[in-house]
Structure formats: C-alpha cells, structure tokens
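Following: one structure in structure tokens, then a few remarks.
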Amino acid sequence: MESSINETAGGKPFYQFRLSWVAYIRPVIVFLGLSGLGIALGLVNEALSVVVVLASLLLFIYQVLYLRTIILFTNDDGVWLFRGLLPWKKGIIGVKWRDIEDAVFFTGFVSWAFKSYTIRVGHRFTKGSELFIANVKNGNDAVSHINQLHRERLVEANR
C-alpha cells in the first residue's frame, strides 16, 4: 500500500495507505481458474466456453478496479477506510479517535517478506465497528502512525 502525506484543515499531517500488490494475487488466481474451466468447457460447448471466459475477464477487471479504490487514511476525526467502485457501493467506514482501542498488525513470513500486513483498528465498545484490512502496504507503518496520533489525541483530551 502506498502511503502519501496530506494536510487536514487544522494543518496537521495525515497519511493515506493503499493495498500491496499481494492483494492482487487472489483475483489473478480466480481469473486463471475460471478461464481454465471455460477453455475446458470448449470441448463440450464453444459458446458456453466464450461466455465463461468473458465472465471471468469481467470479474477480474472488476476485482482489480475495486482493490484499487481501497484507501486507509487518517484525519482530524479518526481512522477511515474508503472503498467502492460502483456508485451505490462507494462508502467510508471508520473509527473516531475517541472510540479507538488500539491498532495492531499481524505478522507472518509473507507479511514480513513483502511488507504487506493485515491490520486491525479496534473499537473500544463493539467488535462489529472495528476496521480489519488485509494486505496493507507498509501496514506496520500505518499502525505506528495511527497509534502515535491516538496517543497525541489522548494527551490533548486530558489537558
């Protein structure tokens, strides 16, 4: 996930994080599997084969474009995840600073080797409102950034 620095209305920096290339492996595997199935169906029915291959191509394009829309970002209000390709599916979900419990990332060999981490931004009150994002590029840096900003907000609130 690429990160970029922007400024909020208050002049404080915030970061945007995107997904790593590792997130695109699943759509490629699904596309290859469905296309292989479509080609195999060509022995039985050529028209069905063409339909399956075209459907798999359209699904692949949709999945890649959808993954490109996913952006994790922080601002003055909290931590947010923007996602959605189709107008009726676009939206932002997130956790306000006052409701964040903590942010953590999960490690493993693949995560470490490709700097593609799964992160969780916990909600203090409900598990259903927490953010859980897989394959975040430099997700360890995102978690560090989120926890640092959260600590700063807590210090400001206690003054």
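Being touching a Pro at 6+ places or on another chain (Cβ under 9 Å), within 17 Å of G139 (Cα to Cα) and at pLDDT below 90, is that true of even one residue in region 1-17?
Yes, region 1-17 contains a residue that is touching a Pro at 6+ places or on another chain (Cβ under 9 Å), within 17 Å of G139 (Cα to Cα) and at pLDDT below 90.
When you go through (1) part of a helix (DSSP H, G or I); (2) touching a residue at least 12 places away in the same chain (Cβ under 8 Å); (3) of a type outside the set (V, I, T) one by one for L48, which number turns out not to apply?
Looking at each condition in turn, L48 falls short on (2).
Any residue at all in region 64-82 that is at pLDDT below 95 and loosely packed, with under 14 Cβ neighbours inside 10 Å?
The answer is yes, given that some residue of region 64-82 is at pLDDT below 95 and loosely packed, with under 14 Cβ neighbours inside 10 Å.
Could you say whether any residue in region 91-108 is part of a helix (DSSP H, G or I), surrounded by 15 or more Cβ atoms within 10 Å (Cβ to Cβ) and under 15 Å from the mean Cα position of the chain (by Cα)?
No, every residue in region 91-108 fails to be part of a helix (DSSP H, G or I), surrounded by 15 or more Cβ atoms within 10 Å (Cβ to Cβ) and under 15 Å from the mean Cα position of the chain (by Cα).
Considering only residues of region 112-159 that are hydroxyl-bearing (S, T, Y) and outside any helix (DSSP H, G or I), which is farthest from the chain's Cα centre (by Cα)?
Among those that are hydroxyl-bearing (S, T, Y) and outside any helix (DSSP H, G or I), it is T126.
Within region 109-147, which residues are modelled with pLDDT of 95 or more and touching a His at 6+ places or on another chain (Cβ under 7 Å)?
Result: no residue meets the conditions.
What number goes with the only condition from (1) assigned by TED's automatic domain parsing to the domain that holds I146; (2) farther than 23 Å from G139 by Cα; (3) in contact (Cβ under 8 Å) with a residue 12 or more places away in the chain that I39 does not pass?
(1)
The values are calculated or read from the model by the stated rules, or taken from the named source; none is laboratory data. Note that the coordinates shown come from a computational prediction; the quantities given were computed from them, not determined experimentally. Cβ coordinates were reconstructed from backbone atoms using ideal geometry, including for glycine residues, and neighbour counts include every protein chain displayed.
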